[in-house]
1. Treating the beta-carbon of each Lys and Arg as +1 and of each Asp and Glu as -1, no other charges, what is the dipole magnitude of the range 251-302 about its Cα centre, to the nearest 20 debye?
2. Go ahead and collect, in residue order, the members of the range 1-41 whose backbone nitrogen is under 17 Å from a label point 7 Å along the Cα-Cβ direction of His195.
3. Using the Cα centre of the range 105-193 as the reference point, and only Cβ charges (+1 on K/R, -1 on D/E), how large is the resulting charge dipole? Debye, rounded to the nearest 20.
4. If you place +1 on the Cβ of every Lys and Arg, -1 on the Cβ of every Asp and Glu, and leave all else neutral, what size is the dipole of the chain about its Cα centre, to the nearest 20 Debye?
5. Summing Lys, Arg as +1 and Asp, Glu as -1, what charge do residues with Cβ under 13 Å from the Cβ of Tyr81 carry, Tyr81 excluded?
6. By what distance, in whole Å, do the Cα atoms of the range 149-288 stretch along each of the three principal axes, largest value first?
7. Taking amide H atoms as placed 1.01 Å from N in the peptide plane, list the residues 5 or more away in sequence, or in a different chain, whose amide H sits under 5 Å from that of Asn119.
8. Between Thr207 and Asn300, what length comes free when the chain is fully extended (0.36 nm per residue of separation minus the Cα-Cα distance, one decimal in nm)?
Amino acid sequence: MIYFADENDINSRLDSFLAAVTEGLSRSKIQSLIKSGNVSVNGCIKKPAYLLKENDKIEFEIPQKEIIKIQPENIPLEIIYEDENMAVINKPSGMLTHPTTQEKSGTLVNALLYKFGGNLSDLNGEFRRGIVHRLDKNTSGLLMIAKNNKTHEYLADTIKNHNLTKKYRTIVKGVYPFNEDTINLPIGRHPTQPHKMSVIENGKESTTIVNVIERFKNATYLDITLITGRTHQIRVHLSHKGFPIFNDTLYGAGMGKVKTDEQVLQSYYLRFTKPFSDEIIELQIEPDEKIKKVLTYLKNRS
């Protein structure tokens, strides 16, 4: 398996990073594999406590019995936009972006392999074919896919240089006090729980713009614009401010009376320049079923 450390992973321990991205091996097991030479960083063997730098190439050799073999699967895809170099998919809530050691099928990558075959970038390794950026398993919405490595690099630069406008819809617990708000708090990997992110002093600069759409008795419907794109950024910022996302059990909301598969969060809008062109692509989708379900409940209570 091959991973590339991005700006969210700077100064993360090697063992903590791998524990987070593999999701199927314990930290102690990963430490053992690192010490056994099954992991290299930029071609060199490092210690478990090695602190990652941006663009570090991490190669992880999983013992043969644990290797994941990705199979193409005929899973329906909602393609919102497509050209010769890329596609934009409306990823449903509950679908992993790519396989893990625990979940080997039913992911977006399995579906992409069936739909596009070998016409997918491989800069992020075989297990993340076509994947330029990610959405959490239980976050739905628009996800860009690269059909070749040149396009992958173009889209990655677009994201890195903040030339992509990305908006989300979400519903939070509590009545958000400001109609417009900018949250600018640094985010890094949680010091003791590597599967989580948190607001920490030495984290990466992170900016989230919040606009209130509608307030309810004890909840608020929000429109979010990401200025930066840190892992779990919206969930961490809103939780830290005391307004966790509805049903986000990882970041403190708990499961409410309206049951959904975790956080009520949707990436609904993208605006970017078409690769190798001056054409502006602007895409927007309707609220997903989770948002509609919770809004109906809240409006009925009102």
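The values are calculated or read from the model by the stated rules, or taken from the named source; none is laboratory data. These figures come from a predicted structure and were not determined experimentally. Here the Cβ positions follow ideal geometry from the backbone for every residue, glycine too, while neighbour counts run over all protein chains shown. Side chains included, ligands, DNA and RNA excluded: accessible areas come from the protein's heavy atoms. Shrake-Rupley method; radii C 1.70, N 1.55, O 1.52, S 1.80 Å.
1. So the magnitude is around 500 debye.
2. 15-31
3. For the range 105-193, the charge dipole is close to 200 debye.
4. So the magnitude is around 1060 debye.
5. Charge balance in the 13 Å sphere: -3.
6. That gives 47, 36, 28 Å along the principal axes, largest extent first.
7. Here the answer is none, since no amide H 5 or more places off falls under 5 Å of that of Asn119.
8. 30.1 nm
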